[in-house]
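Rule-based calculations on the coordinates, nothing more; no lab input. Bear in mind that the values here come from a model prediction, so they are computed numbers and not experimental data. Because the Cβ atoms are built from the backbone with ideal geometry, glycine has one as well, and the counts that use them run over all protein chains shown.
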Amino acid sequence: MSELLSDDEIDEQLPDGWDRDGDEIVRTYDFDSYLDGIGFASGAGGVAEEAWHHPEMTITWGEVEIRLTTHDAGGLTEKDMDLAERFNEIYE
């Protein structure tokens, strides 16, 4: 099981565009169309599956919200920060 990050570690490692919401980190990605968001969510799903770390994703017109936490650890770990960085990379 992964080790929980301290509050200071979370603050230091929180990727650009992400916010903390309790035991989760969250980001909403913006798109010009619904299908652009669907395409991103599909790519993010592939990255998550590869990492074996599965986020909560909410898809609406022009937006995809992603929430990350490490359930088996009971909070935020390196896994969350790493996957958030990877999502940022595929968004660019």
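For the modelled label position 7 Å from the Cα of residue 89 along Cα-to-Cβ, which residues of region 1-38 have backbone nitrogen atoms closer than 15 Å?
15-16
Using Cα pairs under 8 angstrom and six or more residues apart, how large is the relative contact order of the chain, in percent?
On the way: 131 pairs, mean separation 34.9, N = 92.
That works out to 38 percent.
Using only Cα atoms, figure out Rg for the chain and give it as a multiple of 2.2 N^0.38 Å. Please list the in-between numbers first.
Details: Rg = 12.8 Å, N = 92, 2.2 N^0.38 = 12.3 Å.
The chain yields a ratio of 1.04.
Please give me, ordered by residue number, the chymotrypsin sites (Phe, Trp or Tyr not before Pro) of the chain that lie in loop per DSSP and have at most 16 other Cβ atoms within 10 Å.
52, 61
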